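To start, the structure itself, in structure tokens.
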Amino acid sequence: MNAPEPKGSFKQVGTRPIRPDGVEKVTGKAIFGTDYKAANMLHGAIVRCPHPHARIKSIDTSKAEAVPGVKAVVTGADFPAIDDVMVRTGEVASSTLDLAINIMAKDTAYYDGHAVAAIAALTRQAAIEAARLIEVDYEVLPHVIDINDAFAADAPKIKESIETAGLAEGEEGRPNASLKFPSVKGDPDAAMAGAAHKVSGHYSLKPVHQGYIEPHAAVATWKADGKLDIWCSSQGAFDVRGLTAGVLHLDIGSIRVMPLEIGGGFGGKTTIYLEPVAALLSKKSGRPVRFVMTREEVFRATGPAAGGEIDITLGADADGNIVAADIEFQYSSGAFAGADTWAGVMHSVNHYAIENFKVVGWNVLCNMPKHAAYRAPGAPQINFAVESAVNDLADKMGMDPIDLRLKNAVKPGATGPMGNQLGEIGLVECLEAAKAHPHYSAPLGPNQARGVACGSWMNYGGPSTAAVSLADDGSVLVTEGNPDIGGSRASMALMAAETFGIPYEKVSVTIADTSSIGYSMVTGGSRTTYATGIAVIEASKGVIEILRDRAAKMWECDVSEVEWGEGEAICTGGENKGKTFPLTEIAAKAGATGGPIAFENGVNPLQHLPGYGVHICDVEVDKETGNVSIARYTAVQDVGKAIHPSYVEGQMQGGAVQGIGWALNEAYIYNKDGRLDNAGFLDYRIPVASDMPMIDTVMVEKANPGHPYGVKGVGEVPIVPPLAAVGTAVSRAVGKPMRSLPITPDKVQASLNGG
Amino acid sequence: MSRIHVTTTVNGDAREYLCSPNQTLLDALRDELGMTGSKEGCGSGDCGACTVVLDGEMVCSCLVLAGEAEGRRVDTIEGVAEGSDLHPVQQKFLENAALQCGFCTPGFIVASKALLEKNPNPTETEVRYWLAGNLCRCTGYDKIVRAVMDAAAELRQERTAA
Amino acid sequence: MANLAFHAPDTVKEATELLAANKGARPLAGGTDLIVQMQSGRMAPEAIVDIKRIASLGEIREEADHFAVGAAVACTALKDNKALVDEWPGVVEAANLIGSVQVRNRATMAGNLCNASPAADSVPALVAAGATAIVAGPSGEREVPVEQIPTGQGQTSLGDGEFVSEIRIPRQQKGGSDAYLRSIPRTEMDIAVVGAGASVTVDGSGTCTAARVAIGAAAPTVLLVEDAGKALVGSKLDDGAIAKMMEAVSAACKPIDDKRGTVAYRKTTAGVLAKRVVEIARQRAGEN
Amino acid sequence: MADLRVVVMPPFDREFFGGTDRFDLSAKTLFGVVNKLDEIGRGFADLADVRAAFAVDGAVQPDWSVPLGDAKEVIVMQKVAGGAD
């Protein structure tokens, strides 16, 4: 891959221009998933199961079909036979087996909110009315929601098909465990036995929702020629296309997905819920069909992230070197197998150089929606236990918690838990920056305490495509396939401008539909600025090669005698030596030198590096009411090179606040009947502006040699450290360990009152 | 269901629409008038993405019935900029990168403008409490609060200059 | 919902007639509860009677012996009435803890009362203040103490065709003031996990001559804890009296465990908040 | 032909190779490695491109066609799904 540019040579990268799509978004003109309307479209409504687990004995749609304005009704029976189609979604393959059932139940509903039927009608009103008239005869089955209940050896099996993968010869599985994933290094038992200091604890976390403010929405139109058009907001139109094709057994080429502006995803919009349903209703009715979820539907049927139950013991020698880690945990994944357990194991102790560890992860199914990716999926939960335990170890040894981490931090050249070598990683620099930050040594007020934690995310690269073309006036037009969730158009424009050596304003960026650009994996996995950025830079370099060739023609010299400078071709030989052609002039002459100038290419870079962050949190606790407030917060992170620093800071601040919400307030709460009890923003409490202080950020820039401008992924790392940083701060203020999230006022008060 | 004929003023323009008695002002704006700048994030007044100004007071348009707007004045995000001239709040949101996904942004801008018309010199705490009814999941609020404080400073300068 | 009708009468009489004419009719003030319940399908009224076009209900009148707050007065508008803020700062603060600014620009104290939630923020403050509600109905008006309006979660003592047209708050006595506090996990936008309101009057010597303490979200309805007031009257609001008051409050609590909090938390915190509001009210009273 | 030590990380060791996680084999490129592993653990090749990542002498190699030359070690690891912003 390309060597990094010499430091300090950047003219565009590292500046903070206004994002290209900014004006549209501050004036209300941007068209989001919930805003798109198709001519003559119908409105959809979904009938959802009110039970956590039930067999569907029969569905009577006759009354609903009789409602004036109702044009089509579908149930699970209208979907193709469920089979196991592997859909390549770039990063991993998804099986449509679970996905299809999660989108529309067939014979069994697995959670409160599981879709069992859908209606398309002339008005949303009529669709909702008709939905209430669909009669479903349920046989309610035993349910398990809490991880401990679901993991019990005698738990009711929520699906006959569940088998525990990853067991050793003759080892017993669990009724609802789909996976046991052990990762062992060295001789943990012997090392633990010999450890001078040990700390142990049990940590609990509830499932939490991604909490994007834009509900899921989609419009689909099934055309007479059998082709399907979809307009929706997602983290990846190509994967919406692939997954929809897999569920409906269609050719990928027959589907075109138009990406609309996306109102937040955080991983939760890397999958699909509505598109195949809208498509089938459109096929039946012959008209476009639109779905927009209510907030209640979003909570009951989409997301959430895994809850966890974690047992951990850490052992250190007399000098504070962590010599052994023994961790066993269970993650929930809803009623279908999930992937977070892998990531949980891989992100448990990968930021420390520990020679002996045993980490065992279990994936446990329960009667909840199919869990979805949430920002560093699987990492924050395990990190809460590991970093809290490291803080306990520091307390026990009377060591500064950052010094203890510095002693054990992974350094460049270390071997990661997956066996591959870690390159230019920046954990040590982050820890040093945190220790040097004024916050870390600032005096605390009454009833205040401080917590610190670090964390990592592996990040990703993967497939992306970009095209760059020139207009006659020299305007540079970048086309890419990654939805812009947090300012990525600005980053792409900056990288293209840097490559050409032209002003940012000369570059425009378009996010194309799935038929107008090559495959690009989701905007997620902290991959977009890295991988799609490389695609944009490579496409720009391709155009520069064409520009050199065109200039050579105009100078009647050999292309080897043409160099590319800052936005212009320079002749280095022959009679025109020293002459220059600005990009604009070459573009103007394109017709005479061989036609339009454009270059498209696809890349699949995997020279990404893990990202690391260190967070410092001060809390203040009301010792009588148990209320906790965040007094001060600082996030330090190795960001490689910040292309647009404001949006990198924004990722750090937003991730930190999501983590704070997870630590203090957010949780899925089910009642005894297995129904979700807080399916709204009133009782699913995400942080509000008055809950938060300013979030101070420190960007440590340790360039990634695997990216031309040194980019490392930044989006996911910031949600990893906050849980332990907040939890440790509250524990110290209370004087007792607070190891069960969320740390609500009643838990704090009970702990203070000796509960 | 019998439809109600409503005559109202939206961003200074006389507008008419037909609505059902149970339809919200938000739905009327988005579906009857095609003004999709105001967003629905919750439909229960908990997220503020649908914030509009009704007779001079900011409200959640999802908690107003469309029929209530008869004879009243409604100001929405579409009316914040004057032609192509952005309001200082909008400009400062851009300069401070106070939006990531941008879905909550219209509600924040309408609410922030309403604040600065009532309180030209708010403290950070006043800004945070005034905006507590507007949820943002992307930014952690830091850059939004800075943008509003910047806009307040600029508007104060404009006043003194004028 | 198919035949839902929308009315916006100009007079209280018309409003009561419309409400009396249809058992399924509901009055609409701020709508911050009603519209949410309609949208979620939890309530399907047959007719909506918007009372905000009735001029008299949009006013705050300062009478010799009471403030008359019309049923359509938004919570934020209370802050513009200086006399009310001076005499009953706790009531105004309580009403301005509901929801967000957007919500308080619509929500009314009468609506907060008639929604009959035990967690309604303005109600404990109104009860502590000794406020009454004017109930308008087909047979004219009647005046009842606010604590007698809610009879249970979501249930009121209002008869057919009746609605609360006005909240009356007595003029504050010399040396008297009030306060309201609640506990919520966040700083805004939450329903009270538990709340407490108090009004106290102290004489020149610092002796408490009158006191009313009310708690919210600690029982099926907002509770007036008479024993708590009694524990304070005649004392100098010393630690002993405060401790007795807190015991009375905790004893009166009949809370439940739910998604917002535990029984233990509500019992303990009700006492803590009662102590704090009495202290704040005493300080304010001293300034009167 | 490079003579390689191939290290198979969990879960593939148990899933395809009966718990064995070390193999010595020779191959020209990663395509060769995948094919030889598939002979030992049937079905591995079908999933390799979407579920596995390969590190050649410590560095992740996305392009299977790159000649392995005199490389010594190939590590087969599980890809990790992500989701940000």
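The values are calculated or read from the model by the stated rules, or taken from the named source; none is laboratory data. This is a predicted model, so every value here is computed, not measured. Cβ: placed from backbone, ideal geometry, glycine included. Neighbour counts: every protein chain shown.
Filter the range B:138-162 for residues that are outside any helix (DSSP H, G or I) and within 21 Å of B:Cys47 (Cβ to Cβ) and give the result.
So the first thing to find is which residues in the range B:138-162 are outside any helix (DSSP H, G or I), and the list is B:138-141, B:162.
Residues satisfying the conditions are B:Cys138, B:Thr139, B:Gly140, B:Tyr141.
From the residues in the range D:1-42 that are part of a loop (DSSP other than H, G, I, E, B) and more than 12 Å from chain A (Cβ to nearest Cβ), which one is farthest from the chain's Cα centre (by Cα)? Write out each step before concluding.
Looking only at the range D:1-42, we keep the residues that are part of a loop (DSSP other than H, G, I, E, B), and these are D:1, D:9-11, D:18-21, D:28-29, D:41-42.
Remaining after also requiring more than 12 Å from chain A (Cβ to nearest Cβ): D:1, D:20, D:28-29, D:41-42.
On the way: D:Met1: 16, D:Thr20: 13, D:Lys28: 13, D:Thr29: 11, D:Gly41: 12, D:Arg42: 14 Å.
Per the stated criteria, the residue is D:Met1.
Tell me, please, whether a residue that is crowded, with 24+ Cβ neighbours inside 10 Å, more than 12 Å from every other protein chain (Cβ to nearest Cβ) and farther than 29 Å from A:Arg548 by Cβ can be found in the range A:595-612.
Yes, some residue in the range A:595-612 is crowded, with 24+ Cβ neighbours inside 10 Å, more than 12 Å from every other protein chain (Cβ to nearest Cβ) and farther than 29 Å from A:Arg548 by Cβ.
For every residue, the table says whether it meets (1) within 14 Å of chain B (Cβ to nearest Cβ); (2) assigned to a strand (DSSP E or B).
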position: C:Glu188; (1), (2): yes, no
position: C:Ala192; (1), (2): no, no
position: C:Gly195; (1), (2): no, yes
position: C:Ser199; (1), (2): no, yes
position: C:Ser205; (1), (2): no, no
position: C:Arg212; (1), (2): no, yes
position: C:Ile215; (1), (2): no, yes
position: C:Ala228; (1), (2): no, no
position: C:Ala231; (1), (2): no, no
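Would you please name the residue that is nearest to the chain's Cα centre (by Cα), looking only at residues in the range B:70-93 that are within 9 Å of another protein chain (Cβ to nearest Cβ) and of a type in the set (A, V, I, L, M)?
B:Ile77
Within the set of pairs 6+ apart or on separate chains, which have a first residue in the range C:134-155 that is in a strand (DSSP E or B), a second that is aromatic (Phe, Trp, Tyr), and C-beta atoms under 8 Å apart?
These pairs meet every condition: C:Val135/C:Phe163; C:Ala136/C:Phe163; C:Gly137/C:Phe163.
Let me spell it out: the conditions are (1) under 19 Å from A:Gly320 (Cα atoms); (2) assigned to a helix (DSSP H, G or I), and A:Met399 meets all of them except one. Which number is the exception?
Every listed condition holds for A:Met399 apart from (2).
Quick test for you: out of B:Leu135, B:Leu99, B:Leu115, pick the one residue that is outside any loop (DSSP other than H, G, I, E, B) and either at the interface with another protein chain (Cβ under 7 Å from one of its Cβ atoms) or touching a Phe, Trp or Tyr at 6+ places or on another chain (Cβ under 9 Å) (or both).
Working: B:Leu135 fails: outside any loop (DSSP other than H, G, I, E, B); B:Leu99 fails: outside any loop (DSSP other than H, G, I, E, B).
The match here is B:Leu115.
Quick check on C:Glu93: is it more than 14 Å from every other protein chain (Cβ to nearest Cβ), surrounded by fewer than 23 Cβ atoms within 10 Å (Cβ to Cβ) and closer than 25 Å to C:Asp65 by Cα?
Details: more than 14 Å from every other protein chain (Cβ to nearest Cβ): no; surrounded by fewer than 23 Cβ atoms within 10 Å (Cβ to Cβ): yes; closer than 25 Å to C:Asp65 by Cα: yes.
Spelling it out, it is not the case that C:Glu93 is more than 14 Å from every other protein chain (Cβ to nearest Cβ), surrounded by fewer than 23 Cβ atoms within 10 Å (Cβ to Cβ) and closer than 25 Å to C:Asp65 by Cα.
Taking the range D:43-65 as the search range and keeping residues that are within 11 Å of chain A (Cβ to nearest Cβ) and aromatic (Phe, Trp, Tyr), which one is nearest to D:Met77 (Cα to Cα)?
The initial filter retains those residues of the range D:43-65 that are within 11 Å of chain A (Cβ to nearest Cβ), namely D:46-64.
Narrowing further to those that are aromatic (Phe, Trp, Tyr): D:54, D:64.
Details: D:Phe54: 6, D:Trp64: 14 Å.
Out of the qualifying residues, it is D:Phe54.
Taking the options C:Ile167, C:Ile256, name whichever one is more than 14 Å from chain B (Cβ to nearest Cβ), free of Cβ contacts under 8 Å to residues at least 24 places away in the same chain, at negative phi and outside any helix (DSSP H, G or I). If you could, list the steps in order and put the result at the bottom.
Numbers: C:Ile167 fails: free of Cβ contacts under 8 Å to residues at least 24 places away in the same chain.
Selected residue: C:Ile256, the only one of C:Ile167, C:Ile256 that is more than 14 Å from chain B (Cβ to nearest Cβ), free of Cβ contacts under 8 Å to residues at least 24 places away in the same chain, at negative phi and outside any helix (DSSP H, G or I).
Inspect the range A:638-647 for any residue being within 20 Å of the chain's Cα centre (by Cα), within 13 Å of A:Val717 (Cα to Cα) and outside any strand (DSSP E or B) and give the result as yes or no.
yes
Looking at the range A:558-580, can you tell me whether even one residue there is in a helix (DSSP H, G or I), basic (Lys, Arg) and more than 14 Å from chain D (Cβ to nearest Cβ)? Walk me through it before giving the result.
Within the range A:558-580, the subset in a helix (DSSP H, G or I) is A:559-561.
Applying the additional criterion that residues be basic (Lys, Arg) yields none.
No - not one qualifying residue is present in the range A:558-580.
Could you check how many residues of the range B:36-49 are closer than 17 Å to B:Leu115 by Cβ and either free of Cβ contacts under 8 Å to residues at least 24 places away in the same chain or touching a strand residue (DSSP E or B) at 6+ places or on another chain (Cβ under 7 Å) (or both)?
Of the range B:36-49, the ones closer than 17 Å to B:Leu115 by Cβ are B:48-49.
Narrowing further to those that are either free of Cβ contacts under 8 Å to residues at least 24 places away in the same chain or touching a strand residue (DSSP E or B) at 6+ places or on another chain (Cβ under 7 Å) (or both): B:48.
Going through the range B:36-49 one residue at a time, the tally reaches 1.
Would you point out which residue out of A:Ala433, A:Ala376, A:Ala453 is touching an Asp or Glu at 6+ places or on another chain (Cβ under 6 Å) and not in a strand (DSSP E or B)?
Criteria check complete, one pass: A:Ala376.
So how many residues does the range D:18-31 have that are within 10 Å of D:Leu4 (Cβ to Cβ), of a type outside the set (A, V, I, L, M) and in contact (Cβ under 8 Å) with a residue 24 or more places away in the chain?
Final tally of qualifying residues: 1.
Consider the range C:174-186. How many of its residues are part of a strand (DSSP E or B) and more than 18 Å from C:Leu113 (Cβ to Cβ)? Give the steps one after another, and end with the answer.
Filtering the range C:174-186 for residues part of a strand (DSSP E or B) gives C:176-183.
Among the residues that remain, those that are also more than 18 Å from C:Leu113 (Cβ to Cβ) are: C:176-177, C:179, C:181, C:183.
Matching residues across the range C:174-186 total 5.
Here are some residues: C:Ala231, C:Ala241, C:Ala248, C:Ala198. Which one is touching a strand residue (DSSP E or B) at 6+ places or on another chain (Cβ under 7 Å) and in the same structural domain as C:Arg276 (by TED's automatic domain parsing)? Quick ask: steps written out before the conclusion?
On the way: C:Ala231 fails: touching a strand residue (DSSP E or B) at 6+ places or on another chain (Cβ under 7 Å); C:Ala241 fails: touching a strand residue (DSSP E or B) at 6+ places or on another chain (Cβ under 7 Å); C:Ala248 fails: touching a strand residue (DSSP E or B) at 6+ places or on another chain (Cβ under 7 Å).
When all the criteria are applied, what remains is C:Ala198.
Does A:Asp691 count as closer than 26 Å to A:Asp395 by Cβ and out of contact with any Gly (no Cβ under 6 Å at 6 or more places or on another chain)?
Numbers: closer than 26 Å to A:Asp395 by Cβ: no; out of contact with any Gly (no Cβ under 6 Å at 6 or more places or on another chain): yes.
Considered against the rule, which asks whether it is closer than 26 Å to A:Asp395 by Cβ and out of contact with any Gly (no Cβ under 6 Å at 6 or more places or on another chain), A:Asp691 comes out as no.
Check A:Ala193, A:Ala126 and return the single one that is in contact with a His (Cβ under 9 Å, 6 or more places away or on another chain) and either at pLDDT below 95 or among the aliphatic types (A, V, I, L, M) (or both).
Details: A:Ala193 fails: in contact with a His (Cβ under 9 Å, 6 or more places away or on another chain).
None of the other options fit; the residue is A:Ala126.
Can you pull out the residues in the range A:686-725 that are away from chain D (no Cβ under 14 Å), touching a His at 6+ places or on another chain (Cβ under 8 Å) and assigned to a loop (DSSP other than H, G, I, E, B)? It would help to see each step written out before you state the result.
Within the range A:686-725, the first condition is being away from chain D (no Cβ under 14 Å), and the residues that meet it are A:686-703, A:708-710, A:721-725.
Still in the list and also touching a His at 6+ places or on another chain (Cβ under 8 Å): A:696, A:698, A:721-722, A:725.
Hit for the range A:686-725 is A:Pro721, nothing else.
Out of A:Phe329, A:Phe299, report the one residue that is away from chain D (no Cβ under 14 Å), within 20 Å of the chain's Cα centre (by Cα) and not acidic (Asp, Glu).
On the way: A:Phe329 fails: within 20 Å of the chain's Cα centre (by Cα).
After applying the criteria, what remains is A:Phe299.
Looking only at the range A:727-755, count how many residues are assigned to a loop (DSSP other than H, G, I, E, B), of a type in the set (S, T, N, Q) and either surrounded by 23 or more Cβ atoms within 10 Å (Cβ to Cβ) or in contact (Cβ under 8 Å) with a residue 12 or more places away in the chain (or both). Talk me through it step by step, then tell me what you get.
Looking only at the range A:727-755, we keep the residues that are assigned to a loop (DSSP other than H, G, I, E, B), and these are A:735-739, A:741-744, A:753-755.
So of that shortlist, the ones also of a type in the set (S, T, N, Q) come out as A:744, A:753.
Remaining after also requiring either surrounded by 23 or more Cβ atoms within 10 Å (Cβ to Cβ) or in contact (Cβ under 8 Å) with a residue 12 or more places away in the chain (or both): A:744.
Here the count works out to 1.
Residue check, A:Val144 against (1) free of Cβ contacts under 8 Å to residues at least 40 places away in the same chain; (2) more than 14 Å from chain D (Cβ to nearest Cβ); (3) in contact with a helix residue (DSSP H, G or I) (Cβ under 6 Å, 6 or more places away or on another chain), all met but one. Which one?
(1)
Take C:Leu28 and tell me if it is more than 14 Å from chain B (Cβ to nearest Cβ) and either among the charged types (D, E, K, R) or touching a strand residue (DSSP E or B) at 6+ places or on another chain (Cβ under 7 Å) (or both).
No; evaluated as a whole, the condition is false for this residue.
Filtering the range C:31-50 down to residues that are facing another protein chain (nearest Cβ under 8 Å) and crowded, with 23+ Cβ neighbours inside 10 Å, which residue is nearest to C:Thr11 (Cα to Cα)? Spell out the reasoning first.
Filtering the range C:31-50 down to residues facing another protein chain (nearest Cβ under 8 Å) leaves C:31-32, C:35-36, C:38-41, C:48, C:50.
Those left that are additionally crowded, with 23+ Cβ neighbours inside 10 Å: C:31-32, C:35, C:48.
Values: C:Gly31: 19, C:Thr32: 22, C:Ile35: 22, C:Ile48: 15 Å.
Ranking the qualifying residues of the range C:31-50, first place goes to C:Ile48.
Can you work out which of the residues in the range B:28-57 that are surrounded by fewer than 21 Cβ atoms within 10 Å (Cβ to Cβ) and of a type in the set (Asp, Glu) is farthest from the other protein chains (Cβ to nearest Cβ)? Spell out how you get there, then give the answer.
Step one: filter the range B:28-57 for residues surrounded by fewer than 21 Cβ atoms within 10 Å (Cβ to Cβ), giving B:31-34, B:55-57.
Imposing the further condition that a residue be of a type in the set (Asp, Glu) reduces the set to B:31-32, B:55, B:57.
Working: B:Asp31: 9, B:Glu32: 12, B:Asp55: 10, B:Glu57: 4 Å.
Going through the qualifying residues, I end up with B:Glu32.
On the given criteria, is B:Thr105 surrounded by fewer than 24 Cβ atoms within 10 Å (Cβ to Cβ) and either more than 11 Å from chain A (Cβ to nearest Cβ) or without any contact (Cβ under 8 Å) to a residue 40 or more places away in the chain (or both)?
Values: surrounded by fewer than 24 Cβ atoms within 10 Å (Cβ to Cβ): no; either more than 11 Å from chain A (Cβ to nearest Cβ) or without any contact (Cβ under 8 Å) to a residue 40 or more places away in the chain (or both): yes.
Criteria not met by B:Thr105.
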